[in-house]
Amino acid sequence: MSEELFKQMAQAVIDGDPDEATALAQQALDQKVDPLEAINRGYTPGMDVVGELYSTGEYFLPDLILGGEAMKAALAVLEPVLNAGGQHRKVLGTIVLGTVKGDIHEIGKALVGSMLSANGFQVYDLGIDIEAEEFVVKAREHNADIVALSALLTTTMLHQRDVIEHLAEAGLRDRVKVIVGGSPVTQAWSDDIGADGYAEDAAGAVVLAKKLMRV
Ligand code: B1M
């Protein structure tokens, strides 16, 4: 039964239909479907189709925007449930998170933040299009253990390196770990820029952050 629901979720994103995406998210919760599975097997594959259709010229920018709005509408229903239970546990570490300069993709970054919060991290989400200097200021202000950098564009992933360089210049690099992610980012890129780790998805970011905090 969930398979059919997942297909409908993907279709709601492909159609750019926030109302349908919201209704299906609520239906998933009513049917006790795991919210993370709904995101990973329903909505995200829909986003991938939107991205492919955009690459091949069948979809245009407004279609990307509508797909994003549909996914955000679904997450607004599912994320509070993902987050439930994360509030009262011992804090495993402090994370300053954001999408790097020049990049306004927020959905994957927000999901990473939700999963980290749900799993016991104190997360300061700076938002999107964040300058390297701002990551440094906030890492210092919050005494961060980890700075987490999302980038969705091949052009903006270069700014992940800038943040690492700025942290080093500020004398923070030896006490702040840096993790990177986003669809164009790879382990090889993470190694190349001297990050402390790369995660492919939000669940992987939790595993990585726990490993770095030795918990
Ligand atoms: Co844009 N976009 N977009 N877009 N967009 C992509 C990324 C693209 C691949 C589409 C395509 O051409 N196939 C392409 C990038 C090409 C490239 O550089 N290789 C692209 C482009 C070209 C653009 C514009 C340049 C289009 C234009 O203006 N001509 C423009 C750039 C704007 C900018 O940032 N300056 C643009 C704009 C937009 C919208 C604003 C319209 C919209 C975003 C809406 C929003 O975020 N509010 C949008 C969307 C929706 C997409 C696609 C379709 C979907 C992205 C998404 O939300 N996916 C995307 C194609 C695709 O990814 N299939 C595309 C769902 C989300 C859950 O996954 O973000 O990958 P994702 O996050 C995952 C993992 O990557 C990982 O975990 C997440 C959850 O599992 N992850 C991390 C992410 N960050 C992490 C950090 C970590 C660890 C893991 O540790 C720190």
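The values are calculated or read from the model by the stated rules, or taken from the named source; none is laboratory data. Quantities reported herein were computed from a predicted structural model and do not represent experimental measurements. Backbone-built Cβ (ideal geometry, glycine too); neighbour counts: all protein chains shown. Ligands, DNA and RNA are excluded from the accessible area calculation, which covers all protein heavy atoms including side chains. Shrake-Rupley method; radii C 1.70, N 1.55, O 1.52, S 1.80 Å.
Worth a mention:
- Where trypsin sites (Lys or Arg not before Pro) fall in DSSP loop in region 114-189, at most 14 other Cβ within 10 Å: Arg175
- Relative contact order of the chain, pairs being alpha-carbon contacts under 8 Å that are 6 or more residues apart, as %: 16 percent
- Gyration tensor verdict on region 90-215 (Cα atoms; rounded if a/c is under 1.5, prolate if a/b is larger than b/c, oblate otherwise): rounded
- Sequence-separation-based contact order of region 131-215, relative, with Cα cut under 8 Å and 6+ spacing, percent: 27 percent
- For region 141-215, the square roots a ≥ b ≥ c of the C-alpha gyration tensor eigenvalues yield an a/c of 1.5 or more together with a/b not exceeding b/c, which makes the shape oblate.
- Look at the dipole of the chain built from charges on Cβ: of Met115, Ser150, Ala10, the Cα furthest out on the positive end belongs to Met115.
- Placing Asp63, Asp34 in order of accessible area, with the largest value first and a 1.4 Å probe, yields Asp34, Asp63.
- When each of Lys109/Lys177; Lys90/Lys210; Lys32/Lys210 is checked by Cα-Cα distance, pairs over 19 Å: Lys32/Lys210
- Radius, Kirkwood style, for region 1-108 when every pair of distinct Cα atoms is counted (Å): 14.7 Å
- Cα-Cα P(r), the chain, percent of pairs per 5 Å interval: 1, 8, 15, 18, 19, 15, 12, 8, 3, 1, 0
- For region 9-111, the relative contact order works out to 34 percent when only alpha carbon pairs closer than 8 Å and six or more residues apart are counted.
- Shape category assigned to region 92-152 from the gyration tensor of Cα positions, a/c cut at 1.5: oblate
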